[in-house]
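Since the structure comes first, as structure tokens, the remarks are kept for the end.
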Amino acid sequence: MLEALFDYIEASPSPYHAAAVAAERLRTAGLAEARRSDDWGELDLTAGFAVRDGGTVVAARAGARVDPDRLRFIVIGAHTDSPNLRLRPVPDADALGYQQLGVEIYGGVLLNSWLDRDLGLSGRIVVRDGTGDSPATVLWRCDRALMRVPQLAIHLDRDVNDGLKLDRQQHMTPVWGLGEPSADGFREFLAADLDVEPDAVLAWDVMAHDLTPPARLGRHGEMYAAARIDNLASCHAAIEALAGLEAVPANTAAVVVLFDHEEIGSDSATGAGSPILADALERIAHSLGGDREQYLRAVARSLCVSADGAHAVHPNYPERHEPAHVPVLNGGPVIKTNANVRYATDARTHARFAVACDAAGVPHQVYSHRGNLPCGSTIGPITASRLGMSVVDVGSPQLSMHSARELGGSDDPAMLTAALGVFLANG
Ligand code: ZN
């Protein structure tokens, strides 16, 4: 399972890649590829289908027998995006003989973790199609050591170890060449790489990724280090749980949704704040013969697992944790709770996920945030409030969340996948 996760992380430097690879994995498991604009009434829901839109995927499989009066959804939600550096639309800059690429900070980046790393670029490019007027969107990646954000030498910043201060506009601009830049250097580079004319490159959503591959780590390989563990580890577990599901129970639609834009608050056309999941569920209910009343009744019987990274206790910062809630690496999935509903778990959904872990034969842990620190959030509360659906927030424990390279436990991916598999099969 860990090697398969490594492959997924390496194949997914951007959310667009993460969604495309997930959809392709589901296609090999027998689910059809569909579009939001298709007529879903034509789909065979028993075989299942996956719909991809940008960095978001919705996939579903239904039981062989569904009575619309007894329909329920079992949903697993996760997110494909990770904090990183994203190229501006006019990125070319020069200073003092260097060529640089202007970037914006996407999400809650641990800025220091991006210093002195050899970075590649990836994303989606919109190019003018030579044959017609509608432009084509292509996935693109460059895994050469293309650029780097060089840290200032300690001799020029003697106080740096008393507190590194990084200005998001001034200090995070990567270098990617020497000498005078041409005004359109990045566009020309992209055009050459895509083998098109520079004026055929119309626009891009491009971001940086660390080139270091995932690796087992530790004396016995009991940990692993990789980029984007938050939240590709949950995406991978969710997709494998759906792909590996032998049979969906009667009167059930098993749904996986991987959203883009969680790290920036989920308000976008393909984020958890959009109607994309609610619309998909209602259309699935229709395809299974249900009307709106039956759909709304189905939602009331349904359950969603929001799977996202959880904070393992940090050995060097024990004072940052609630002493009675200290998840450990390789301790199994973490059920996350918060009285102010930064996590959507309640006692009933908590219990149901705990039972699923028991049935899967994996241990589980519980997280509650320290009272004097603001708590993060997930797609869980957004999904709960958009749909009026019961949600449990869970995730594998990890360290270094939002670093360019995070740290997890080597046994946790298989345990999360097993628990999600039981959850999809039983609810
Ligand atoms: Zn996350």
Test of the criteria: in segment 212-251, which trypsin sites (Lys or Arg not before Pro) are in a DSSP loop and have at most 14 other Cβ atoms within 10 angstrom of their Cβ?
Arg219
Nearest 5 percent is fine: what portion of the DSSP beta bridges confined to the chain is antiparallel?
65 percent
State whether the chain is rounded, prolate or oblate according to the following rule on the C-alpha gyration tensor (a ≥ b ≥ c being the square roots of its eigenvalues): a/c under 1.5 gives rounded; otherwise a/b larger than b/c gives prolate, and the remaining case gives oblate.
oblate
Quick one: work out Rg over Rh on the C-alpha atoms of segment 1-145, Rh as Kirkwood radius.
1.07
At the level of C-alpha centres, the distance separating segment 2-50 and segment 139-166, in angstrom, is 36 Å
How high is the relative contact order of segment 323-416? Use alpha-carbon pairs under 8 Å, at least six apart in sequence, and give a whole percent.
40 percent
Accessible surface of Asp159 - all protein chains present, 1.4 Å probe, nearest 10 Å²:
110 Å²
Using 0.36 nm per residue, how much length does the chain from Tyr317 to Leu139 gain when fully extended, once their Cα-Cα distance is taken away?
60.0 nm
Ignoring ligands and nucleic acids, what accessible area does Leu152 show with a 1.4 Å probe (Å², nearest 10)?
100 Å²
Subtract the Cα-Cα distance of Arg148 and Asp291 from 0.36 nm times their separation in residues, and report this length gain in nm to one decimal.
46.0 nm
Neighbourhood net charge (15 Å Cβ-Cβ; Lys/Arg +1, Asp/Glu -1) for Pro181
-3
Cα centroid distance between segment 69-124 and segment 172-239, in Å?
8 Å
Kindly work out what percent of the DSSP beta bridges joining two residues of segment 286-416 are antiparallel, to the nearest 5.
30 percent
Please work out the average accessible area per residue across segment 103-223, using the 1.4 Å probe convention, and give it in Å².
60 Å²
Per residue value of the accessible surface for segment 1-40 (all protein chains in place, 1.4 Å probe), Å²:
45 Å²
At Arg301 and Ala359, where each label point lies 7 Å from the Cα along Cα→Cβ, what is the point-to-point distance in nanometres?
1.6 nm
Over the chain, what percent of the accessible surface lies on carbon and sulfur atoms, probe 1.4 Å?
49 percent
Report the one residue of Ala78, Pro68, Pro89 whose Cα lies farthest in the direction of the positive end of the charge dipole of segment 1-102 (charges on C-beta: Lys and Arg +1, Asp and Glu -1; origin at the Cα centre).
Pro68
Would you calculate the separation in nanometres between label points at Ala324 and Glu188, each defined as 7 Å from the Cα along the Cα-to-beta-carbon direction?
6.5 nm
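The values are calculated or read from the model by the stated rules, or taken from the named source; none is laboratory data. Predicted, not measured: the structure shown is a model, and the values here were computed from it. Every residue, glycine as well, gets a Cβ built from its backbone with ideal geometry; the counts of neighbours run over all protein chains shown. Surface accessibility is based on the protein's heavy atoms, side chains included, excluding ligands, DNA and RNA. Shrake-Rupley method; radii C 1.70, N 1.55, O 1.52, S 1.80 Å.
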